[in-house]
């Protein structure tokens, strides 16, 4: 029974390969145009579901020559990036003067608040100092 299955599989795959050589590209194109969902499903089935990646020692497993080649490749890559300079000029602009300069004890901060926008608080907050008995 096993020999029959192997023989059938072999014959089937050989016939499929021969048919694909004759009509494969045209058949793929036809499916892509007429049945895009089926085409994408076939593409998805060809991609492995899981990919096993194993870490194999890293730098410790590398020879001195491999390490030197890796360093050279890194230096070449960094040198190529260093050549990518963004060119341009900085433009200095002045902030607009405030409409009204307040006449309070802290003119600088009040003027800055006026230029940016009002704080929303008319009076400065008073710090609450805890009384010695409330501890």
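A few points about this structure:
- Members of segment 55-75 that are surrounded by 10 or more Cβ atoms within 10 Å (Cβ to Cβ) and at pLDDT 85 or above: 66, 67, 68, 69, 70, 71, 72, 73, 74, 75
- Residue match in segment 35-49 (condition: in contact with a helix residue (DSSP H, G or I) (Cβ under 7 Å, 6 or more places away or on another chain) and surrounded by 10 or more Cβ atoms within 10 Å (Cβ to Cβ)): yes
The values are calculated or read from the model by the stated rules, or taken from the named source; none is laboratory data. Since the model is a prediction, treat every value here as computed from it, not as a measurement. Glycine also receives a Cβ, built like all others from the backbone with ideal geometry; neighbour counts cover every protein chain displayed.
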